[in-house]
Amino acid sequence: TIFNRLVGKKISIIEDTPGITRDRIYGSVSYRDYKFHLIDTGGIDLGDEHFNDEIKIQAELAIEEADIVVLVLDGKEGLTSNDFAVRDILMKSNKPVIVAINKCDSKQIKENIYDFYELGFSNFITVSGEQNIGITDLLDEVTKDFNEFTEEEEDNRIKFSVIGRPNVGKSS
């Protein structure tokens, strides 16, 4: 849901079934005076399903391509073992990570966001991809160190990827 909202069209399939997004999906985002590429990945899952290893490889390639990573977590469900597995991958990458706690469209969920600090990241933003809450804050954070877009610099744009476990709202 977040990916589709940022690119401004429905490219990623949004389903409640894990494993729908398996490959990297690319889109372009224009925000204020900035343009950048966005990569959507499948959800990283420690389960035994045969496609989980392939999804993890695709996500790791996206992390490698990215200049900034947005880790999308499910604010309603809270932390899971998969979130810690994704955290471990991201810590090894040494990439800047912005944690987007999704599905935060109620006061109760916003009060529980401090649980996510257990992951060890320092940059957290509460969002609701579906309700368009916090998306501007997320874009401001992603682009804060970007250079303004000019046609000559198009190939030097900073890229970031959206990473997380299945069904946390990454594609939104």
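The values are calculated or read from the model by the stated rules, or taken from the named source; none is laboratory data. The model shown is predicted, which means the values in this text are computed figures rather than measured ones. Quick reminder, even Gly has a Cβ in these numbers, built from the backbone with ideal geometry, and neighbours come from all protein chains shown. Side chains included, ligands, DNA and RNA excluded: accessible areas come from the protein's heavy atoms. Shrake-Rupley method; radii C 1.70, N 1.55, O 1.52, S 1.80 Å.
Where does each of 131-140, 35-44 land if you order them by average Cβ count within 10 Å, highest first?
Working: 131-140: 16.1, 35-44: 23.2.
Per-residue mean Cβ counts within 10 Å order the peptides as 35-44, 131-140.
Express the relative contact order of the stretch 24-84 as a whole percentage, based on alpha carbon pairs under 8 Å and six or more residues apart in sequence.
Working: 50 pairs, mean separation 15.0, N = 61.
Here the relative contact order equals 25 percent.
Measure up Lys9/Lys170; Lys35/Lys76; Lys107/Lys159; Lys92/Lys144 against 26 Å on the Cα-Cα distance and list the ones that go over.
Long pairs (Cα-Cα over 26 Å): Lys35/Lys76; Lys107/Lys159.
In Å², and per residue, what accessible area does the chain have when probed at 1.4 Å with the other protein chains present?
Values: 9000 Å² over 172 residues.
With all protein chains present, the chain gives 52 Å² per residue.
If you roll a 1.4 Å probe over the chain with all protein chains in place, what percent of the accessible area is carbon or sulfur?
Numbers: 3790 of 9000 Å².
With neighbouring chains kept in place, the figure for the chain is 42 percent.
Calculate the FRET efficiency for Ser122 and Ser81 from the Cβ-Cβ distance with a Förster distance of 35 Å, rounded to the nearest 0.05. Before the final figure, lay out the partial values.
On the way: r = 22 Å, r/R0 = 0.63.
For Ser122 and Ser81, the calculated efficiency is 0.95.
Beyond 27 Å, what percent of the Cα pairs of the stretch 32-172 remain?
On the way: 1871 of 9870 pairs.
Of all Cα-Cα pairs in the stretch 32-172, 19 percent lie more than 27 Å apart.
Need one value: the accessible area of Lys56 in square angstrom, 1.4 angstrom probe, rounded to the nearest 10.
80 Å²
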